[in-house]
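What follows is a short report on a single structure.
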Amino acid sequence: MTILVTGGAGYIGSHACKALAAAGHTPIAYDDLSTGHRFAVRFGPFEHGSILDTTRLADVMRRHGCHTVIHFAALSTVGESATRPDLYWRVNVAGTLALLDAMRLAGVNRLVFSSTCAVYGIPAQMPITEATPCAPLNVYGETKYAMERMLEAHANAYGLAAVALRYFNAAGADPDGMIGEEHDPETHAIPLILQAAAGQRARFTVFGEDYDTRDGSCVRDYVHVTDLADAHVRALSALREGTMEAINLGSGDGFTVREVVGVARQITGREIPVESGPRRVGDPPILTANASKAETVLGWTPQHSGLDEIIGTAWRWMSELSPRR
């Protein structure tokens with residue numbers, strides 16, 4: 001199949017393009033390069049454009065004969081979403097509406113959506129299942145949940161076939177070393193820890209060390225980006241006309257921030273300076289996934305999401321392979 005991948009020059013989108021090409025599909029990476037990178041487009045054609053441009057989206061789909069869309073294009077920084085809610089509602093929600101309009105114009109009716117565990121907020125129980133009520137705490141999570149609701153409405157009204165993959169903490173880099181994580185500014189814990197190890201920043205800050213966890217720091221469920229990419233390929237077979245299915249993607253294992261720092265010290269062989277900071281508003285103490293539905297529906301279980309492999313591949317990318325090293 002020829003598949004339009006919005007945000008295909010981004011972190012997870014580029015890894016998905018690689019997985020699609022390996023499975024025999026042709027990924028068309030559609031990206032405005034505001035946060036993505038041209039060097040990451042290595043597995044199929046590139047189309048430069050805005051997610052808000054319905055006319056261009058429809059033209060690209062028609063011209064390439066796209067059969068399906070995988071939708072990554074979105075803004076995803078929680079802190080920024082609080083200070084620029086207008087930007088997040090415009091790009092994430094209005095952008096998704098523009099994409100859905102373009103799909104109808106081009107006669108494309110299948111979509112795999114990159115969603116997030118941020119739609120759940122702070123659940124009362126762990127691990128989180130798809131039946132856990134959605135109560136997002138920040139604008140980023142609110143926009144992602146609104147995007148899901150939009151897909152569900154389009155499934156009911158227009159017969160859209162959609163799967164929303166709600167993943168937990170994406171991390172790691174391509175084991176072959178072809179692509180990796182490149183955010184500027186960086187906000188994710190593992191690359192921030194590794195930047196401190198590499199001397200690119202003075203120290204790593206642990207936000208909150210008084211939570212009711214093993215060592216007082218937050219617990220998170222990390223899943224390797226290669227495993228996430230594999231799930232998107234598998235989701236192509238789970239699309240059913242007139243339905244929108246939500247599926248969690250996570251390892252099911254939780255690690256504290258302090259434990260992640262400890263593993264990073266072992267992998268890098270570096271001393272990593274750490275300082276304590278205050279709790280961040282809206283940070284849940286623990287977030288871990290029940291991903292049994294992904295195994296049942298997609299036949300998916302994570303193969304690369306051990307913390308050693310996640311940090312090892314991320315460190316190799318940052319220290320040896322990144323164009324910005």
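The values are calculated or read from the model by the stated rules, or taken from the named source; none is laboratory data. Keep in mind that this is a model prediction, so the values were computed, not measured. Heads up, the Cβs are rebuilt from the backbone with ideal geometry, glycines too, and the neighbour counts pull from every protein chain shown. Side chains are part of the model used for accessible areas, which takes the heavy atoms of the whole protein and leaves out ligands, DNA and RNA. Shrake-Rupley method; radii C 1.70, N 1.55, O 1.52, S 1.80 Å.
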Would you mind checking the stretch 160-196 for residues with the amide N under 15 Å from a putative spin-label position 7 Å along Cα→C-beta of L321? 171-182
Give, as a single signed number, the net charge of other residues whose beta carbon lies under 15 Å from the beta carbon of P127, with Lys and Arg counted +1 and Asp and Glu -1. -1
Simple label model, 7 Å out from Cα along Cβ direction - T2 to R90, nm: 3.2 nm
Efficiency of FRET between R62 and A198 - r from beta-carbon atoms, R0 35 angstrom, step 0.05: 0.20
From the C-alpha gyration tensor of the stretch 129-266, square roots of 5λ in Å: 32, 19, 14
Mean residue ellipticity (222 nm) of the chain, computed from DSSP H runs ≥ 4 via -39,500 (n - 2.57), nearest 500: -10500 deg cm²/dmol
So which residue, out of D230, D212, D174, gets the largest mean-square fluctuation from a GNM of the chain using Cα contacts under 10 Å as springs? D212
Just how far, in whole angstrom, is the stretch 208-240 from the stretch 94-167 if you go by their alpha carbon centroids? 17 Å
Carbon + sulfur, % of accessible area of the chain - ligands and nucleic acids excluded, 1.4 Å: 49 percent
Mind checking the per residue accessible area of the stretch 81-200 for me, 1.4 Å probe, whole number of Å²? 38 Å²
Looking at the chain only, what percent of DSSP beta bridges run antiparallel? Nearest 5 please. 5 percent
Residue-normalised accessible area of the stretch 259-325, expressed per residue, 1.4 Å probe, Å²: 53 Å²
Spin-label zone in the stretch 103-126 - amide nitrogen under 14 Å from a point set 7 Å from the Cα of Y158 along the C-beta vector: 103-112
Using Cα atoms only, what is the angle between the long axis of helix 54-64 and the major principal axis of the chain, expressed in degrees (0 to 90) to the nearest 10? 80 degrees
Label zone at D283, where the point sits 7 Å out along the Cα-to-Cβ direction: the stretch 187-209 residues whose backbone N lies under 11 Å: 189, 205-209
